[in-house]
Amino acid sequence: MGSNLALNIAASGFPLVVQNRTHARTEEFLADAGPLEDKLAGAETPNQLVAALQPPRAIILMVPAGAPVDQQIAALAPLLSPGDMIIDAGNADFNDTRRRATELAEAGLVHVGMGVSGGAEGARHGPSIMVGTTPEAWQAIRPMVNAIAARFRGDPCADRLGGDGAGHFVKTVHNGIEYADMQLIAEVWGLLRDGNGAAPAEAGRLFGEWNKGPLSSYLVEITATVLGTEDPASGRPMVELILDRAGQKGTGRWTLIEALKLGQSATTIEAAVAARAVSAQRELRLEASTRFDAPGDGATPFDEDDLEAALLAAKIMAYAQGFILLAEARRAFDWDMKLSRVAEIWRAGCIIRSALLDGMAEALSGKGPAHDNLLLAPSFAKMVGRTVPALRRVVCQAATQGLPVPALSAALGYFDGIRQARGTADLIQAQRDFFGEHGFERIDRDGQHHGPW
Ligand code: 6PG
């Protein structure tokens, strides 16, 4: 990622000095730079790197999240001059970014938390870039950031979304939605494979078809390619040879932690993170699969149009939850973030880019809380109204056949929860009052009350 981002910056006309802990890597990188070598120079140590740059300096870090970032900052900060800038372009816990922004500001330095999405390919040819920093620092780096970012109809997929941790927060939520999107697709793949007996190539063709419609997205596109790929050695579908144990580096979990802290529902994302955890417990799954039989009714195949519509409905729920979480974070941290701008800069370059995002940007562009909720926007309300019946049928049938669809179910549960004018928290409040005298509000009188228990 780091070398590709450096090549992208050099190719966009900005000279830069690169440094890696292992200097041999830097030498290899420079040797392979080809026509870009004029724009690139190498440094062996942080001291050399800083000495090679003119103040005000901008230093981009691309190292694993957590302690490595603090170690790099600790090595660099004493060498820098007031007004110099450290840009963290990795995935970072936004709480760390906020702390680093404060600490560096105290030393007269500027911290920029820059979420970069698009994988290695995106970093080289145009990622989506989510920036959190001061307006002044943004003005200084904006030409470079805009030049290296992906473009959607000419508009750079990059912007400042607020101060301190805003960029990394948005990138974290992007990844949470990425987890949900991937899990929803994987669940539908499971229904095709285990419910309909579809071979990977057949399922791949279906995803390829869906990629021409409203589901058109990078993740659906690569799903079609992946399912259609064979292992060169055995000729077997590649996906069948991959161990069903998902890795995760933590950004999905961070999204949930922040959603819980901000009192928001991110259940579709939670289901996706939890499904990865269950996938990792392979020994438990192998043991349980021998103890519990699947329910009998495996004969009815899933309707393919229903699967497409169910995936669309659930995907909209995941995005709706993600955007509400962003709206709440904006309020809590006083960020001047426009949700419509977030949707706009996700339209190209990032992993969750999809045809739906242009419409989301439009739907979220109005003013007031109603416009923070995609489900209340007329265009999405209509789409949801059309597709939710299929989501219900798919979730019911999957439950009957014993096929796991935790994210599809969570999306449906969320929808039915927000659609219910009178919920069941009346009983929760009564129980809280019964055992803890916590009090409740009444629908017919003002103030706090207790029940006659
Ligand atoms: C991106 C990706 C990128 C990375 C994920 C993978 O936007 O380019 O999200 O950041 O691939 O962090 O995350 P997991 O390893 O947790 O799946």
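Throughout, read-outs are computed from the coordinates displayed, never taken from laboratory work. Quantities reported herein were computed from a predicted structural model and do not represent experimental measurements. Cβ placement follows ideal geometry from the backbone for every residue including glycine, while neighbour counts extend to all protein chains displayed.
Could you let me know the centre-to-centre spacing of the stretch 354-387 and the stretch 40-66, using Cα atoms, in angstrom? Value for the Cα centre distance between the two parts: 43 Å. For the chain, take the longest principal axis of its alpha carbons; what is the angle in degrees between that and the long axis of helix 94-106, to the nearest 10 within 0 to 90? Tilt of helix 94-106: around 30 degrees. Given axes a ≥ b ≥ c from the Cα gyration tensor, I'd like to know whether the stretch 352-433 is rounded (a/c under 1.5), prolate (a/b larger than b/c) or oblate. The shape class here is oblate. Gain on full extension, evaluated as 0.36 nm per residue between residue 38 and residue 450 minus their Cα-Cα distance, stands at 140.7 nm.
Between residue 236 and residue 153, how high is the FRET efficiency from 1/(1 + (r/R0)^6) when r is the Cβ-Cβ distance and R₀ = 56 Å? Nearest 0.05. Approximately 0.85, to the nearest 0.05. For the stretch 213-222, putting each phi into the Karplus relation 6.51 cos²θ - 1.76 cosθ + 1.60 with θ = phi - 60° gives couplings of x, x, 7, 3, 6, 4, 5, 5, 4, 6 Hz, in residue order, rounded to whole numbers and with x for Gly and Pro.
Taking a ≥ b ≥ c as the square roots of the Cα gyration tensor eigenvalues, with a/c under 1.5 meaning rounded and otherwise prolate when a/b beats b/c, else oblate, which class fits the stretch 97-187? Because a/c hits 1.5 or more and a/b fails to exceed b/c, the stretch 97-187 counts as oblate.
Taking R0 as 35 Å, what's the FRET efficiency between residue 292 and residue 225 from their Cβ-Cβ distance, rounded to 0.05? Please report the intermediate quantities before stating the final value.
Values: r = 35 Å, r/R0 = 0.99.
Using R0 = 35 Å, I get an efficiency of 0.50.
In the chain, Cα pairs under 8 Å separated by at least six residues give a relative contact order of 14 percent. Here the residues 335, 453, 346, ranked from fewest to most Cβ neighbours within 10 Å of their Cβ, fall in the order 453, 335, 346.
Per-residue Cβ neighbour counts within 10 Å put 40, 312, 284 in the sequence 284, 40, 312, beginning with the fewest. A straight line joining the Cα centroids of the stretch 178-194 and the stretch 411-453 runs 35 Å. For residue 158, the residues 5 or more places off, or on other chains, whose built amide H falls under 5 Å of its own are 129. Calculated mean residue ellipticity, 222 nm, the chain: -17000 deg cm²/dmol, from DSSP H runs (n ≥ 4) at -39500 (n - 2.57) each, averaged per residue and rounded to 500. The separation of the stretch 289-353 from the stretch 95-148, counted between C-alpha centres, amounts to 26 Å.
Could you work out the relative contact order of the stretch 242-317? I mean the mean sequence separation of Cα pairs under 8 Å and 6+ apart, divided by the number of residues, in percent. Provide the component values of the computation, followed by the final result.
On the way: 27 pairs, mean separation 24.7, N = 76.
After rounding, I find 33 percent.
Relative to the 2.2 N^0.38 Å rule of thumb, the stretch 302-453 has a C-alpha radius of gyration ratio of 1.29.
Each label was represented as a point 7 Å from its Cα along the Cα-to-Cβ direction; for residue 52 and residue 67 these points are 2.8 nm apart.
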